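Below you'll find the structure, written out as structure tokens, and then a few comments.
The values are calculated or read from the model by the stated rules, or taken from the named source; none is laboratory data. The model shown is predicted, which means the values in this text are computed figures rather than measured ones. Methodologically, a virtual Cβ is constructed for each residue, glycine included, from the backbone with ideal geometry; neighbour enumeration extends over all protein chains shown. Remember, those area values only see protein heavy atoms, side chains included, never the ligands or the DNA or RNA. Shrake-Rupley method; radii C 1.70, N 1.55, O 1.52, S 1.80 Å.
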Amino acid sequence: IEPGGRSGKQQCQGGVVFVVVEGMGYTVLDGQRYDWKKGDLLQLPIKPEGVVFQHFNASAAAPALLVAAEPNLTATTGIDRACGFEQLEKAPEYKPG
């Protein structure tokens with residue numbers, strides 16, 4: 001995530017784990033803010049209706065890097081992870097290539 005930037009806003013089932021590799025910032029999850037820094041681990045809860053989340057870089061000078069991991073449940077829940085997976089809002093820096 002670029003300095004001072006944010007990711008797109010997404011909705012998914014949950015169960016995703018993020019490792020903060022670089023930077024500091026916060027994630028808004030279902031309207032609540034959670035701060036993070038390098039070395040932290042974030043886990044999205046699994047909810048039947050899904051969760052809405054967006055990451056924000058709190059630094060005006062340094063980028064933030066988060067790595068996501070999630071179980072491959074496509075065979076049991078389907079491609080939409082049983083509740084849907086939607087990009088609700090693009091990151092402002094996104095440029096289609």
- prompt: Just from its helices, what would the mean residue ellipticity at 222 nm be for the chain, if runs of 4 or more DSSP H residues each count -39500 (n - 2.57) and the sum is divided by every residue, rounded to the nearest 500 deg cm²/dmol?
  reply: -500 deg cm²/dmol
query: Given H placed on each backbone N at 1.01 Å, which residues far from residue 15 in sequence or on other chains put an amide H within less than 5 Å of it?
result: 44, 46
field: Selected from 26, 12, 54, residue furthest toward positive end of dipole (the chain; charges at beta carbon)
entry: 26
- request: Scan around residue 5 for amide H atoms under 5 Å from its own, H built in the peptide plane at 1.01 Å from N, and keep only partners 5 or more places away or cross-chain.
  value: 57
Percent carbon-and-sulfur accessible area, the range 1-54, ignoring ligands, DNA and RNA, probe 1.4 Å: 52 percent
message: If you take Rg and Dmax of the Cα atoms in Å from the coordinates, which of (1) 12.8, 36; (2) 13.4, 46; (3) 13.6, 43 do you get?
response: (3)
query: Tell me, what HN-Hα J-couplings in whole Hz come from the Karplus equation 6.51 cos²θ - 1.76 cosθ + 1.60 at θ = phi - 60° for each residue of the range 10-16, using x for Gly and Pro?
result: 10, 10, 8, 4, x, x, 8
statement: Sorted by chain and then number, the residues having a modelled amide H within less than 5 Å of the amide H of residue 65, at least 5 places away or on another chain, are 21, 22, 23
- prompt: Which of the lysines could be linked to residue 90 by a straight reach, that is with a Cα gap under 22 Å, when you skip same-chain ones fewer than 8 residues away?
  reply: 9
query: Considering only protein heavy atoms, what per residue accessible area in square angstrom results for the chain with a 1.4 angstrom probe?
result: 62 Å²
